[in-house]
Ligand code: AN7
């Protein structure tokens, strides 16, 4: 019998940059290799080349799959029988899927009532044990940390360095697609693992001679959940973008390093700006992302309209021909409720005949 085809996924593609050996079992769902989509309308607005790294096209619909393939593979290699994580939704979806794939148990600790329904459904259908706490993500992560050191249990939040290792592969792909690193990289920031991972990836590929420069890293937090921007933990973080509803990020220092070493910044966008950007991107570029992901786009639009802000890395770097990459981290189908409520969408009803349908089309 032939070996099953198993030549996709980030471990296969970037094995030499990842902490795996020949004896590491590869638990993969063919994640990664997501498209870098040119955005003609954002490009036109900015007079630059703007691309969307659409991470919603990963197997569970978010960038978390990149880190999870490494974290779960290493957990299995180390003999774990159970993995556990705190989550605002996407980490738990990815952990549950990769644990199912590995044939091990998964437990997820979530803030009650603050998880988009698509993500909650994922945790259940992939077979995880789901506990919703009366508290927020930061409380959930505090509890999960207390599981550390229990035999056979692996924590798969981004405090597990294997997660960051896997997630850095997105930078590798961008460099390979563009032929070099972009001038500016924009992404949403919650627990700050991803900005830490991207910056690590950019630096590693430059050190390996695969790129000649480094981008400025610009991260956006939701205005009601912006501890890094305000330089202090937020006790009661709040935002419609529940994925980034985080008041005390675990990788805070990593975000600070990415920003200071790259000459970038952390800024904020309001919920209104996030929802408007989400709707704009879907209707103008055909890319439907979840609210947290739209923070990248909202941030880009904000920077672009604020070009005079002094000392701004965006305005000082944005010249004709500059390349800007926006990571859109998760798929819009994760959280259709928010989009439908914001848009106030209801179909116009019609009788089942041509005249009635045409009349309805004229009205809608
Ligand atoms: C769509 O799933 O923290 O700054 O528990 O789901 O690396 O935390 C999700 C975070 C951005 C922020 N966009 O990334 C979780 C979780 C989406 C996300 C972020 C998240 P980090």
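The values are calculated or read from the model by the stated rules, or taken from the named source; none is laboratory data. Keep in mind that this is a model prediction, so the values were computed, not measured. A quick note on method: Cβ atoms are made from the backbone with ideal geometry, for glycine too, and the neighbour counts reach across all protein chains shown.
Looking only at residues of the stretch 43-64 that are within 16 Å of the ligand (Cβ to nearest atom) and in a loop (DSSP other than H, G, I, E, B), we find that the one that is nearest to the chain's Cα centre (by Cα) is 63. Screening the candidates 178, 214 for the property of being away from the ligand (no atom under 16 Å from the Cβ) and out of contact with any helix residue (DSSP H, G or I) (no Cβ under 7 Å at 6 or more places or on another chain) yields one hit, 178. Restricting the stretch 162-175 to residues that are away from the ligand (no atom under 16 Å from the Cβ) and touching a strand residue (DSSP E or B) at 6+ places or on another chain (Cβ under 9 Å), the residue that is farthest from residue 26 (Cα to Cα) is 174. The lone criterion from (1) within 9 Å of the ligand (Cβ to nearest atom); (2) in a helix (DSSP H, G or I); (3) over 25 Å from residue 287 (Cα atoms) left unmet by residue 93 is number (3). The set of residues in the stretch 224-252 that are assigned to a helix (DSSP H, G or I) and surrounded by 20 or more Cβ atoms within 10 Å (Cβ to Cβ) comprises 225, 227, 228, 242, 243, 244.
From the residues in the stretch 41-58 that are without any contact (Cβ under 8 Å) to a residue 60 or more places away in the chain and within 20 Å of residue 320 (Cβ to Cβ), which one is surrounded by the most Cβ atoms within 10 Å (Cβ to Cβ)?
In the first step, residues of the stretch 41-58 are kept if they are without any contact (Cβ under 8 Å) to a residue 60 or more places away in the chain; the result is 43-44, 58.
Next, from what is left, pick out any that are within 20 Å of residue 320 (Cβ to Cβ): 43-44.
On the way: 43: 15, 44: 10.
Ranking the qualifying residues of the stretch 41-58, first place goes to 43.
Only one entry of 187, 178 meets the criterion of being in contact (Cβ under 8 Å) with a residue 40 or more places away in the chain, crowded, with 23+ Cβ neighbours inside 10 Å and on the phi < 0 side of the Ramachandran plot, and that entry is 187.
For the structure I just gave you, tell me whether residue 127 is at positive phi, touching a residue at least 60 places away in the same chain (Cβ under 8 Å) and more than 11 Å from the ligand (Cβ to nearest atom). In short, no.
Return the only residue of 108, 83 being touching a strand residue (DSSP E or B) at 6+ places or on another chain (Cβ under 8 Å), away from the ligand (no atom under 13 Å from the Cβ) and either part of a strand (DSSP E or B) or within 17 Å of residue 290 (Cβ to Cβ) (or both). If you could, list the steps in order and put the result at the bottom.
Numbers: 108 fails: away from the ligand (no atom under 13 Å from the Cβ).
Among 108, 83, only 83 is touching a strand residue (DSSP E or B) at 6+ places or on another chain (Cβ under 8 Å), away from the ligand (no atom under 13 Å from the Cβ) and either part of a strand (DSSP E or B) or within 17 Å of residue 290 (Cβ to Cβ) (or both).
Out of the residues in the stretch 181-205 meeting the condition of being over 30 Å from residue 234 (Cβ atoms) and in a helix (DSSP H, G or I), tell me which one is nearest to the ligand (Cβ to nearest atom). Result: 204.
Summed over the stretch 292-342, residues that are touching a residue at least 12 places away in the same chain (Cβ under 8 Å), away from the ligand (no atom under 16 Å from the Cβ) and either crowded, with 24+ Cβ neighbours inside 10 Å or at negative phi (or both) total 16.
Among the listed residues 116, 112, 123, 96, identify the single one that is at pLDDT 95 or above and under 21 Å from residue 9 (Cα atoms). Explain how you work it out, then say what you get.
Working: 116 fails: under 21 Å from residue 9 (Cα atoms); 112 fails: under 21 Å from residue 9 (Cα atoms); 123 fails: under 21 Å from residue 9 (Cα atoms).
Going through 116, 112, 123, 96 in turn, just one is at pLDDT 95 or above and under 21 Å from residue 9 (Cα atoms): 96.
Within the stretch 148-161, the set of residues being under 16 Å from residue 92 (Cα atoms) and either surrounded by fewer than 24 Cβ atoms within 10 Å (Cβ to Cβ) or in contact with a strand residue (DSSP E or B) (Cβ under 8 Å, 6 or more places away or on another chain) (or both) comprises 153, 154, 155, 156, 157, 159, 160.
Is it true that some residue in the stretch 205-217 is buried (at least 24 other Cβ atoms within 10 Å of the Cβ) and within 16 Å of the chain's Cα centre (by Cα)? Checking the stretch 205-217: at least one residue is buried (at least 24 other Cβ atoms within 10 Å of the Cβ) and within 16 Å of the chain's Cα centre (by Cα).
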